[in-house]
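Below: one structure, written as structure tokens.
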Amino acid sequence: MPRLEIRLIHGNIIAVDSAAWVLGICQDVTPSGAARDVDALLDGAISEFTARRLFSGSAGEVFMLPAQRHAVPVEAVILAGLGAFDRLTSDVQQFVSENVIRTLIHARMDEFVCVIFGTRSGRSIASALESMLRGFVRGIRDADDNRRFRRITICEIDLRRVAQIRAGLRRLARTSLFDGFDVAIDERPLQAGALSPRERVAEGRVREGPVGEARVSAARMTAVPVPRDPVYLLVRREQDLLHASLLTAGDKATVVSGEKTVSNIALQNLLMRLERLDLDPKELQLFGLALGRLLLPRDVLALLGKMPDRHVVVVHDRESSQIPWETLAVARNASPALAGGMSRRYLAGNLSIAKWLEQRRREKTLSVLLIANPTSDLPSADAEGRRLEGIAQSHPHVQLTILRRKEATKTALLKLFQSGDFDLVHYAGHAFFDAAAPESSGIVCAGGEVLSGRELSGLGNLPSLVFFNACEAGRIRRGGRRNALRKRVEISVGLAEAFLRGGVANYVGTYWPVGDAAAGAFAASFYSDLLAGSTLGDALLAARHELRRMDSMDWADYIHYGDFHFSLKSV
């Protein structure tokens, strides 16, 4: 009878010596908690892999990172994709756990350490523990022909959860789950010291794990700042039914879900109100309140209002992509995009791997490619070019390359895009949008040629950020043509998808043409903060506040797809 040892340890996963550390990662959710501590020891490898979309987090996806050359007490770190956080069922968790075991067995590893998958997604400790162990045992039974596998170690920092896991293990040991195994459940005692693992490392204390000494560098742990976890608003629309789930943040993070019936007529009537707004921030707030009441279930909206200082990541499908989420208000004077900031992630498969040059982030110069009015019919695009040129001249570390009008041919742009010489591309001109094939959407070059996202997918090096400011011959609002604003939303979101599919890591765009004064203030604030090393999320939030102080509703005009933690400069 094969022997299987299950160990329960009160402590951080990074303190335990083993063959592998196993981390569960939800799709479109930035790794946090134990994964963030491991990431710090791997010099940011997990953050980079997820930001580059090398690891998508799809349910059942397994990524193995060799770790022998890092100062960590394991041979490998395994990332296990849990899928979307609102669809992490018992069956999904068992499937993921089974794939993890198969990977370990084929790698000839006979033990690993993990934290329980899925407890942040609203599942109870007892339910998540049972699902995870059922998957592990099923994988061992099916794949371990040589009966080589011997140990599963579960780590937990919170004492209350340790007690729940202990009770769960004892209960499961009395069931048929482990039939055919000689199972030993071993609980290791609480380690000395009440400080957290990060605090104990910072104090330079010796940390000996119960099954070996953790070779952890205090300098490396304390040098990495700990960002605050965001909240995630996941929305899917199926005909007239809108499903919304909110993943909260903090030690007691959970998932609240619900759905509302939202007819196309009701949504379009509301969006028409946005087109009629007379540039009045007070009217915009009323619109945002109406948007929240129409689209979000009461529990989701109320809980979102209780976390006003958290960044909100809106994860959406194509059907709900054209909703102006940045205008959302959860209460009077409470707009998430103005409070903790807001960014977006596209709930779509097969997005291209993001292709930026890491060495550019280590250089002090912010290198910008400006493409201004390539079709020669947009005076506002020429003004945008002059405005950014003035900003560049006031910052010695901004290097600006400008292609104006007829200079901006498709051939010239393709060559510059793939050169690896630029941190970002700022485009002021016309957009081409193909609703039937969004990847064919792109920017209009001189002579009317289109540089599409599909054509970028074959290039090796791309800028970290594309800033798209589609200009118009005249402003849409104040008596513009019917449905024009909704069309602009569709185009902007379509371009975001095209560039993401082409391999661009981050995209910033606008819904409606921004007023000249607001555009200048936003650009000055945004680019100054990027140069100072701010993340995209912080730079966008500061620029929104700059426009709000000007009493301009254009603070809600900007959208960001990508990683809000991303910094164009790491120096």
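The values are calculated or read from the model by the stated rules, or taken from the named source; none is laboratory data. Predicted, not measured: the structure shown is a model, and the values here were computed from it. For neighbour counting, all protein chains shown are included, and Cβ atoms are generated from backbone atoms with ideal geometry for every residue, glycine included.
Checking A556 against (1) surrounded by 24 or more Cβ atoms within 10 Å (Cβ to Cβ); (2) under 25 Å from F422 (Cα atoms); (3) aliphatic (A, V, I, L, M); (4) touching a residue at least 24 places away in the same chain (Cβ under 8 Å), which test does it fail?
For A556, the exception is condition (2).
When region 243-280 is examined, which residues are found to be more than 25 Å from P308 (Cα to Cα) and among the basic types (K, R)?
Selection gives R273, R276.
Does D538 count as modelled with pLDDT of 85 or more, more than 24 Å from A437 (Cα to Cα) and part of a helix (DSSP H, G or I)?
Details: modelled with pLDDT of 85 or more: yes; more than 24 Å from A437 (Cα to Cα): yes; part of a helix (DSSP H, G or I): yes.
Yes; evaluated as a whole, the condition is true for this residue.
When you go through A290, A244, A266 one by one, which is the residue that is under 23 Å from the mean Cα position of the chain (by Cα), farther than 29 Å from D158 by Cα and at pLDDT 90 or above?
Of the residues listed, the single one that is under 23 Å from the mean Cα position of the chain (by Cα), farther than 29 Å from D158 by Cα and at pLDDT 90 or above is A244.
Condition first: within 14 Å of G341 (Cβ to Cβ) and under 20 Å from the mean Cα position of the chain (by Cα). Now tell me which residues in region 527-543 satisfy that.
Within region 527-543, S534, T535, L536, G537, D538, A539, L540, L541, A542 meet the criteria.
Would you check which residues across region 273-288 are part of a helix (DSSP H, G or I), crowded, with 18+ Cβ neighbours inside 10 Å and hydrophobic (A, V, I, L, M, F, W, C) and list them?
Selection gives L274, L284, F287.
Regarding G447, is this residue modelled with pLDDT under 95, at positive phi and either outside any loop (DSSP other than H, G, I, E, B) or charged (D, E, K, R) (or both)?
Considered against the rule, which asks whether it is modelled with pLDDT under 95, at positive phi and either outside any loop (DSSP other than H, G, I, E, B) or charged (D, E, K, R) (or both), G447 comes out as yes.
With the structure loaded, tell me whether I13 is at pLDDT below 95 and buried (at least 20 other Cβ atoms within 10 Å of the Cβ) or whether it fails that test.
yes
For every residue, the table says whether it meets (1) surrounded by fewer than 22 Cβ atoms within 10 Å (Cβ to Cβ); (2) among the aliphatic types (A, V, I, L, M); (3) not in a strand (DSSP E or B).
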position	(1), (2), (3)
I25	no, yes, no
S32	yes, no, yes
V38	no, yes, yes
A59	yes, yes, yes
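Within region 1-55, restricting attention to residues that are of a type in the set (S, T, N, Q) and touching a helix residue (DSSP H, G or I) at 6+ places or on another chain (Cβ under 6 Å), which residue is farthest from L133 (Cα to Cα)?
Applying the filter and picking the extreme gives S47.
For the list (1) among the small types (G, A, S); (2) over 28 Å from the mean Cα position of the chain (by Cα); (3) surrounded by fewer than 19 Cβ atoms within 10 Å (Cβ to Cβ), I need the number of the one condition that G139 fails.
With (1) among the small types (G, A, S); (2) over 28 Å from the mean Cα position of the chain (by Cα); (3) surrounded by fewer than 19 Cβ atoms within 10 Å (Cβ to Cβ) applied to G139, the lone miss is (3).
Anything in region 352-369 that is buried (at least 17 other Cβ atoms within 10 Å of the Cβ) and farther than 12 Å from P463 by Cβ? List them, or say none.
If the condition is that a residue be buried (at least 17 other Cβ atoms within 10 Å of the Cβ) and farther than 12 Å from P463 by Cβ, then S352 is the only one that fits.
Looking at (1) aliphatic (A, V, I, L, M); (2) at pLDDT below 90; (3) within 13 Å of A244 (Cβ to Cβ), find the lone condition where L296 falls short.
Only one criterion in (1) aliphatic (A, V, I, L, M); (2) at pLDDT below 90; (3) within 13 Å of A244 (Cβ to Cβ) is unmet by L296, namely (2).
Please determine whether any residue of region 145-160 is part of a helix (DSSP H, G or I), touching a residue at least 60 places away in the same chain (Cβ under 8 Å) and over 24 Å from T50 (Cα atoms).
Initially, region 145-160 is screened for residues part of a helix (DSSP H, G or I), giving 159-160.
Those left that are additionally touching a residue at least 60 places away in the same chain (Cβ under 8 Å): 159.
Going one step further and asking which of them are over 24 Å from T50 (Cα atoms), we end up with 159.
Among the residues of region 145-160, at least one is part of a helix (DSSP H, G or I), touching a residue at least 60 places away in the same chain (Cβ under 8 Å) and over 24 Å from T50 (Cα atoms), which makes the answer yes.
Just checking, does region 378-386 include any residue being surrounded by fewer than 16 Cβ atoms within 10 Å (Cβ to Cβ) and either over 28 Å from Q27 (Cα atoms) or touching a residue at least 40 places away in the same chain (Cβ under 8 Å) (or both)?
Yes, there is a match, as at least one residue in region 378-386 is surrounded by fewer than 16 Cβ atoms within 10 Å (Cβ to Cβ) and either over 28 Å from Q27 (Cα atoms) or touching a residue at least 40 places away in the same chain (Cβ under 8 Å) (or both).
Checking L400 against (1) surrounded by fewer than 21 Cβ atoms within 10 Å (Cβ to Cβ); (2) over 26 Å from the mean Cα position of the chain (by Cα); (3) aliphatic (A, V, I, L, M); (4) modelled with pLDDT under 90, which single condition isn't satisfied?
It is condition (4) that L400 fails.
So which residues in region 450-467 are part of a helix (DSSP H, G or I) and either buried (at least 23 other Cβ atoms within 10 Å of the Cβ) or more than 25 Å from the chain's Cα centre (by Cα) (or both), if there are any at all? If you could, list the steps in order and put the result at the bottom.
Step one: of region 450-467, the residues part of a helix (DSSP H, G or I) are 453-456.
The answer is G453, L456.
Which residues, counting only those in region 241-266, are touching a residue at least 24 places away in the same chain (Cβ under 8 Å), farther than 13 Å from P297 by Cα and out of contact with any helix residue (DSSP H, G or I) (no Cβ under 7 Å at 6 or more places or on another chain)?
The answer is A249, D251, T254, N264.
Take the residues in region 81-126 that are among the polar types (S, T, N, Q) and within 25 Å of L347 (Cβ to Cβ), then tell me which one is surrounded by the most Cβ atoms within 10 Å (Cβ to Cβ).
Among them, the one singled out is Q93.
Restricting attention to region 1-42, which residues are of a type in the set (S, T, N, Q) and over 20 Å from R345 (Cβ atoms)?
Kept after step one, since they are of a type in the set (S, T, N, Q), are these residues of region 1-42: 12, 18, 27, 30, 32.
Within region 1-42, N12, S18 meet the criteria.
Count, please, the residues in region 40-50 that happen to be in a helix (DSSP H, G or I) and of a type in the set (D, E, K, R).
Residues that pass the stated criteria total 1.
Has region 75-92 got any residue that is touching a residue at least 40 places away in the same chain (Cβ under 8 Å), outside any helix (DSSP H, G or I) and hydroxyl-bearing (S, T, Y)?
No - not one qualifying residue is present in region 75-92.
Do you know which of the residues in region 533-553 that are more than 24 Å from L277 (Cβ to Cβ) and touching a strand residue (DSSP E or B) at 6+ places or on another chain (Cβ under 7 Å) is surrounded by the fewest Cβ atoms within 10 Å (Cβ to Cβ)?
Checking each candidate, the answer is G537.
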